[in-house]
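A.B. asks: Structure provided below as structure tokens; questions to follow.
The values are calculated or read from the model by the stated rules, or taken from the named source; none is laboratory data. Remember, predicted model here, so these are calculated numbers, not experimental data. No Cβ is skipped: glycine too gets one built from the backbone with ideal geometry, and neighbour counts run over all protein chains shown. With ligands, DNA and RNA removed, areas are computed over all heavy atoms of the protein, side chains included. Shrake-Rupley method; radii C 1.70, N 1.55, O 1.52, S 1.80 Å.
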Amino acid sequence: MFFKMAWRNLWRNPRRTTVILIAVVIGLWSLLFLNAFMRGAIEQMVENNISILTGHLKVQKTGYHSDPVIENSITQPDEVKGVLAKVLPKEARYTSRVRLQVVASNARHNAGVTLVGIDPEAEAEMSFIGDAPLQGRYLSADTPHKILAGRALVEKMETQLEYKLVLMGQDTQNEIASRAFRIRGIFDAELESTEKQYVFVLKQAAQDMLRMGPAVSEFSVLLPEGALLPGVAQALKEALPEGYRVYTWRELLPLMDAYLKMFDGFIYLWTVAVFIAMGFGLVNTILMTVYERMHEFGLLKALGMKSGWIIREVLAEAFLILVLGMAAGNGLGVITVEAMSGGLDLSAFAAGAEFAGMSRIIYPRIVLQDMLVANGVVFFLGLGVSLYPALKAARFTPVEAMLQT
Amino acid sequence: MAIVELTGVTKTYQQGKVSVQALRGVDLRVEKGSFLALAGPSGSGKTTLLNLIGGLDRPSQGDIRVDEHDFARMNQSELAELRLFKIGFVFQSYNLIPVLSALENVEFVMLLQRIGAAERRQRAEAVLAEVGLSGLLERRPLELSGGQQQRVAVARAIVSGPAIVLADEPTANLDSKTGQGLLEMMKTLNAQKGVTFIFSTHDNMVMDYARRLVLIRDGRVAEDQVKGS
Ligand SMILES: Nc1ncnc2c1ncn2[C@@H]1O[C@H](COP(=O)(O)OP(=O)(O)O)[C@@H](O)[C@H]1O
Ligand SMILES: [Mg+2]
């Protein structure tokens, strides 16, 4: 009968109840949606960044990370390869690359780019270049004088397929090496900055040009799903001889790590903001109904109802509002996110978001944990603040309450 | 046997700097099975006295016992318990819980007494039939007339067989014919079931129903007469 009473009491003032219900619904919905949106954005951001030649792990020569010059290359790649083959889980992938800052030029323009010498087949499995839309063709073992360039770079340099780009950089002998490559493919990337920064040639071609012999700049590793990154990183560190360093993507992308933390903080702040707005509404509404029904509570006490029961009675009303609001809010949240599962196109704002490695299209994603947290906050804090009006109601003495005629 | 015993009861209300002496020393014994009217002009202290007997408020001085329970020794929670099981209340107005039907209003106290659903319902129906409301069980208070509402209140007050029923001007908001009907009904319950009633009034017609009439004036018992029935 308590819930029946609470339920009927709620609808004595349908407008007020509806308003506060809407507040709960919007609050919860915005929490869910924001969480889903952020979650989607973050995951894609991490994936994008990992696929832009980072991988989950990298092995480099000590010193390369802070000073990525050719002297800090891995001169005995077979040594590293052996360790990788031994230590990594079976399904893990890895590849080695040559990387160097060079200048690309043609008759009209110069641009600083990162030359990436790759093993085309292994690389395609590892990073974005394997899936990127490509005009023209990909590299293969017999294309030592061909190059892949990004769409934005090609446009900036006013060039096109089959035209030449000359790359210039410092070789192992401290001399300027240069070599001309013909554009075999133009790739599109998620981010314009990626298109402008990277050009791809065969690893062998890069090694020849820079007189590196078999040396490479780094090994990049992609772990199978479920593998524990820190554990693998530790095992690699122990197995590798002196002179190498292992980096996880969190170390390689400190900005990304900072962003993850910032987003967490942002979601937390938003949760607090939503909750404060909703909590005030809830307390106010219930307080109003409590004062309006003062003589009713007086009557209940006169009849022998103890304070505890009265508190329960008031909390039951808050409970119903919260549960109704949560049901609707969750439903609405799931529906909205479902409706946007095709992706939310942010290209209009992408220019600003791009530096963080955010995608142009975000796929919001609801995670059970986020949902539980949002609901938990709304529910328990909601009941918590309702305790205030409940205690007020319990404190009316029958005599003073009855005087309010 | 005295079901209510008051000795030297005073009550002073403090309103800011002004203190109002509502009761100035009341001694009163009420026997089981009484049908007693507290009569007196408005402001004489009737409501205050009933509130004290019902344990809704505490006296400034003096002792109050109801059904052998010494109020001075009881805390709020024990007083609530006593009200729940031993004392029925009928107020002048705002007697019923607006969101509950007549039947549910009567059932409600039994719910607090932790009586099972089936028994609650059966007893509530029976007592509502006794007060003549069989056809109106599902009506909400607002759908009942003033007289019918007071009957529901009486039904609720007596449903658990309390030691006393306290009624503060139960007929004040009713027209005289309806008021007489209510009093007749209370009197019948008193005669047939031995329910002890203490009710207050300032209406001469109502006083005529009482078997014992206690006149209150200026916070004191001015007259106490037992009338032949
Ligand atoms: N809560 C209160 N605070 C202050 N004065 C009160 C309060 N209740 C009653 N009084 C005063 O006590 C006196 C007796 O009141 P009451 O018991 O209500 O009389 P009655 O019911 O006979 O009309 C009156 O003077 C009234 O103004
Ligand atoms: Mg009065």
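A.B. asks: Of these, B:V30, B:V26, which one is closer than 20 Å to B:V195 by Cβ, β-branched (V, I, T) and either away from chain A (no Cβ under 14 Å) or not in a loop (DSSP other than H, G, I, E, B) (or both)? Spell out the reasoning first.
C.D. replies: Details: B:V26 fails: closer than 20 Å to B:V195 by Cβ.
Answer to the check: B:V30.
A.B. asks: Of the residues that sit in segment A:295-315 and are more than 10 Å from chain B (Cβ to nearest Cβ) and more than 39 Å from the chain's Cα centre (by Cα), which one is surrounded by the fewest Cβ atoms within 10 Å (Cβ to Cβ)? Even if it seems obvious, please write down each step before you answer.
C.D. replies: First pass over segment A:295-315, keeping only residues more than 10 Å from chain B (Cβ to nearest Cβ): A:297, A:310-315.
From what's left, more than 39 Å from the chain's Cα centre (by Cα): A:297, A:310-314.
On the way: A:F297: 23, A:I310: 21, A:I311: 19, A:R312: 16, A:E313: 21, A:V314: 27.
Of everything passing the filter in segment A:295-315, A:R312 is surrounded by the fewest Cβ atoms within 10 Å (Cβ to Cβ).
A.B. asks: Right, another one. What's the number of the only condition in (1) open to solvent by 60 Å² or more (accessible area, probe 1.4 Å); (2) assigned to a helix (DSSP H, G or I); (3) more than 10 Å from chain A (Cβ to nearest Cβ) that B:L50 fails to meet?
C.D. replies: The single condition B:L50 does not satisfy is (1).
A.B. asks: Out of B:T7, B:T12, B:T48, which single residue is hydroxyl-bearing (S, T, Y), touching a residue at least 24 places away in the same chain (Cβ under 8 Å) and within 8 Å of ligand 1 (Cβ to nearest atom)?
C.D. replies: Of the residues listed, the single one that is hydroxyl-bearing (S, T, Y), touching a residue at least 24 places away in the same chain (Cβ under 8 Å) and within 8 Å of ligand 1 (Cβ to nearest atom) is B:T48.
A.B. asks: Something else now. Just checking, how many residues over segment B:14-27 are away from ligand 2 (no atom under 13 Å from the Cβ) and touching a helix residue (DSSP H, G or I) at 6+ places or on another chain (Cβ under 8 Å)?
C.D. replies: Kept after step one, since they are away from ligand 2 (no atom under 13 Å from the Cβ), are these residues of segment B:14-27: B:14-21, B:24-27.
Checking which are touching a helix residue (DSSP H, G or I) at 6+ places or on another chain (Cβ under 8 Å) leaves us with B:26.
The qualifying residues number 1.
A.B. asks: Just a yes or no: is a residue in segment B:84-100 in contact (Cβ under 8 Å) with a residue 40 or more places away in the chain, in a strand (DSSP E or B), touching a strand residue (DSSP E or B) at 6+ places or on another chain (Cβ under 7 Å) and within 16 Å of ligand 1 (Cβ to nearest atom)?
C.D. replies: Yes - at least one qualifying residue is present in segment B:84-100.
A.B. asks: Let me ask you something else. Look through segment B:170-198, keep the residues that are modelled with pLDDT under 95, open to solvent by less than 60 Å² (accessible area, probe 1.4 Å) and within 16 Å of ligand 1 (Cβ to nearest atom), and return whichever of them is farthest from B:Q148 (Cα to Cα).
C.D. replies: B:A172
A.B. asks: Hey, which of the strands (runs of 3 or more DSSP E) in segment A:150-213, taking only ones fully inside, have at least 3 residues that are of a type outside the set (A, V, I, L, M, F, W, C) and in the same structural domain as A:T114 (by TED's automatic domain parsing)?
C.D. replies: In segment A:150-213, the matching strands (runs of 3 or more DSSP E) lie at A:164-170, A:176-187.
A.B. asks: Okay, moving on. Look at A:A132 and say whether it is part of a helix (DSSP H, G or I) and open to solvent by 10 Å² or more (accessible area, probe 1.4 Å).
C.D. replies: Spelling it out, it is not the case that A:A132 is part of a helix (DSSP H, G or I) and open to solvent by 10 Å² or more (accessible area, probe 1.4 Å).
A.B. asks: Of the numbered conditions (1) free of Cβ contacts under 8 Å to residues at least 60 places away in the same chain; (2) surrounded by fewer than 17 Cβ atoms within 10 Å (Cβ to Cβ); (3) not hydroxyl-bearing (S, T, Y), A:P144 satisfies every one except a single condition; which is it?
C.D. replies: The one condition A:P144 does not meet is (1).
A.B. asks: Has segment A:270-289 got any residue that is outside the structural domain of A:F181 (by TED's automatic domain parsing), of a type outside the set (V, I, T) and closer than 30 Å to B:L79 by Cβ? Let's see the steps before the verdict.
C.D. replies: Just the residues of segment A:270-289 that are outside the structural domain of A:F181 (by TED's automatic domain parsing), to begin with: A:270-289.
Then keep just the ones that are of a type outside the set (V, I, T); that gives A:270, A:273, A:275, A:277-282, A:284, A:287-288.
Those left that are additionally closer than 30 Å to B:L79 by Cβ: A:287-288.
Yes.
A.B. asks: For B:G43, all conditions in the list (1) assigned to a strand (DSSP E or B); (2) within 13 Å of ligand 2 (Cβ to nearest atom); (3) among the small types (G, A, S) hold save one; what is the number of the exception?
C.D. replies: If we test B:G43 against (1) assigned to a strand (DSSP E or B); (2) within 13 Å of ligand 2 (Cβ to nearest atom); (3) among the small types (G, A, S), just (1) comes out false.
A.B. asks: What are the pairs with Cβ atoms under 7 angstrom where one residue, in segment B:165-183, is more than 12 Å from B:D203 (Cβ to Cβ) and the other, located anywhere, is within 16 Å of ligand 2 (Cβ to nearest atom) and assigned to a strand (DSSP E or B)? Sequence gap at least six, or different chains.
C.D. replies: B:V165/B:V90; B:L166/B:F89; B:L166/B:I198; B:A167/B:V90; B:A167/B:F199; B:D168/B:S200
A.B. asks: Take segment B:53-86 and flag every residue that is away from every other protein chain (no Cβ under 12 Å) and more than 17 Å from A:T397 (Cα to Cα).
C.D. replies: B:Q61, B:G62, B:D63, B:I64, B:R65, B:V66, B:D67, B:E68, B:H69, B:D70, B:A72, B:R73
A.B. asks: Would you confirm whether any residue within segment B:106-126 is touching a Pro at 6+ places or on another chain (Cβ under 9 Å), within 22 Å of B:T196 (Cα to Cα), within 14 Å of chain A (Cβ to nearest Cβ) and among the small types (G, A, S)? Walk me through how you get there before you give the answer.
C.D. replies: Narrowing segment B:106-126 to residues touching a Pro at 6+ places or on another chain (Cβ under 9 Å): none.
No, every residue in segment B:106-126 fails to be touching a Pro at 6+ places or on another chain (Cβ under 9 Å), within 22 Å of B:T196 (Cα to Cα), within 14 Å of chain A (Cβ to nearest Cβ) and among the small types (G, A, S).
A.B. asks: Take the residues of segment A:168-188 that are surrounded by fewer than 22 Cβ atoms within 10 Å (Cβ to Cβ) and among the aliphatic types (A, V, I, L, M): which is nearest to A:D119 (Cα to Cα)?
C.D. replies: If we take residues in segment A:168-188 being surrounded by fewer than 22 Cβ atoms within 10 Å (Cβ to Cβ) and among the aliphatic types (A, V, I, L, M), then A:A180 is nearest to A:D119 (Cα to Cα).
A.B. asks: While we're here: With the checklist (1) more than 16 Å from ligand 1 (Cβ to nearest atom); (2) part of a loop (DSSP other than H, G, I, E, B); (3) touching a helix residue (DSSP H, G or I) at 6+ places or on another chain (Cβ under 9 Å) in hand, flag the one item B:D57 doesn't pass.
C.D. replies: (1)
A.B. asks: Criterion first (more than 9 Å from ligand 1 (Cβ to nearest atom), more than 10 Å from chain A (Cβ to nearest Cβ) and in contact with a His (Cβ under 7 Å, 6 or more places away or on another chain)) does B:A39 satisfy it?
C.D. replies: Values: more than 9 Å from ligand 1 (Cβ to nearest atom): yes; more than 10 Å from chain A (Cβ to nearest Cβ): yes; in contact with a His (Cβ under 7 Å, 6 or more places away or on another chain): yes.
It is true that B:A39 is more than 9 Å from ligand 1 (Cβ to nearest atom), more than 10 Å from chain A (Cβ to nearest Cβ) and in contact with a His (Cβ under 7 Å, 6 or more places away or on another chain).
A.B. asks: OK, next. Give the residue, chosen from A:K90, A:K61, that is open to solvent by 30 Å² or more (accessible area, probe 1.4 Å) and at pLDDT 90 or above. Steps first, please.
C.D. replies: Values: A:K90 fails: at pLDDT 90 or above.
None of the others qualify; the one that does is A:K61.
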